[in-house]
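Trainee: Got a structure for you, written out below as structure tokens; questions coming shortly.
The values are calculated or read from the model by the stated rules, or taken from the named source; none is laboratory data. Small disclaimer: the values here were computed from a predicted structure and weren't measured. Reconstructed Cβ throughout: ideal geometry from the backbone, glycine too, with neighbour counts over all protein chains shown.
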């Protein structure tokens with residue numbers, strides 16, 4: 001039998017953590033030419049920036065529309081990119097590829113008795129499409145979207161969605177994200193955090209460090225709380 005999970009609840013960010021945000025651009029491949037990776041990087045950067053600005057200004061626009069707005073900006077910055085690709089890129093973003101190790105780690109945690117959830121800026125429709133396409137739906141006990149709050153992470157109320165759903169304290173939740181800013185916000189809220197540092201980036205918020213750092217989700221289910 002698998003060892004019992006360290007935490008009763010494991011909560012996962014979606015975009016960049018479970019789902020590869022750059023897989024959308026890769027699906028159109030050579031049609032973007034040498035602009036492919038810079039285009040994808042800018043799309044992601046503007047998507048996140050727009051979420052923060054709209055939260056701070058109190059001018060909410062849901063994550064799907066923000067994703068489209070950011071894509072429109074990318075076409076302006078890369079005029080050589082064919083704007084006819086927009087529908088294909090949005091369709092690809094709605095059904096992003098899951099990282100290859102995600103399913104096995106989720107299954108291992110589930111087998112160890114943990115409750116699993118997604119906590120994401122994505123709209124419910126976006127998350128349902130992505131989870132269904134990736135075949136991950138059976139592993140999750142809850143899929144939590146900030147959309148009902150009309151605010152994005154890292155507002156504390158967004159993390160409270162998880163503690164309210166499972167009736168637990170923040171310290172009973174292991175939170176996994178590939179985003180350093182998300183880890184900082186979740187740590188400040190009181191979650192025990194694992195930074196999935198896929199790009200090998202330096203730590204930005206040194207006063208709000210994660211408990212663990214992993215290069216991917218691989219090995220998450222084997223982590224013990226006392227490990228460095």
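Trainee: For the stretch 179-203, name all the residues that are within 21 Å of residue 120 (Cα to Cα), free of Cβ contacts under 8 Å to residues at least 60 places away in the same chain and over 16 Å from the mean Cα position of the chain (by Cα).
Mentor: If the condition is that a residue be within 21 Å of residue 120 (Cα to Cα), free of Cβ contacts under 8 Å to residues at least 60 places away in the same chain and over 16 Å from the mean Cα position of the chain (by Cα), then 188, 189, 190 are the ones that fit.
Trainee: Here's something else I'd like to know. Of the conditions (1) part of a loop (DSSP other than H, G, I, E, B); (2) at pLDDT 95 or above; (3) closer than 26 Å to residue 3 by Cα, residue 225 satisfies every one except a single condition; which number is it?
Mentor: Here residue 225 meets the rest and fails (2).
Trainee: If you don't mind, another one. Need a quick list: strands (runs of 3 or more DSSP E) entirely within the stretch 172-218 having at least 1 residues that are more than 19 Å from residue 143 (Cβ to Cβ).
Mentor: 192-196, 212-214
Trainee: When you go through 45, 102 one by one, which is the residue that is under 22 Å from the mean Cα position of the chain (by Cα), crowded, with 17+ Cβ neighbours inside 10 Å and within 24 Å of residue 196 (Cβ to Cβ)?
Mentor: Unique residue meeting the criteria: 102.
Trainee: Just to be sure I understand, how many residues within the stretch 66-103 are touching a residue at least 60 places away in the same chain (Cβ under 8 Å), out of contact with any helix residue (DSSP H, G or I) (no Cβ under 7 Å at 6 or more places or on another chain) and assigned to a helix (DSSP H, G or I)?
Mentor: Number of matching residues: 1.
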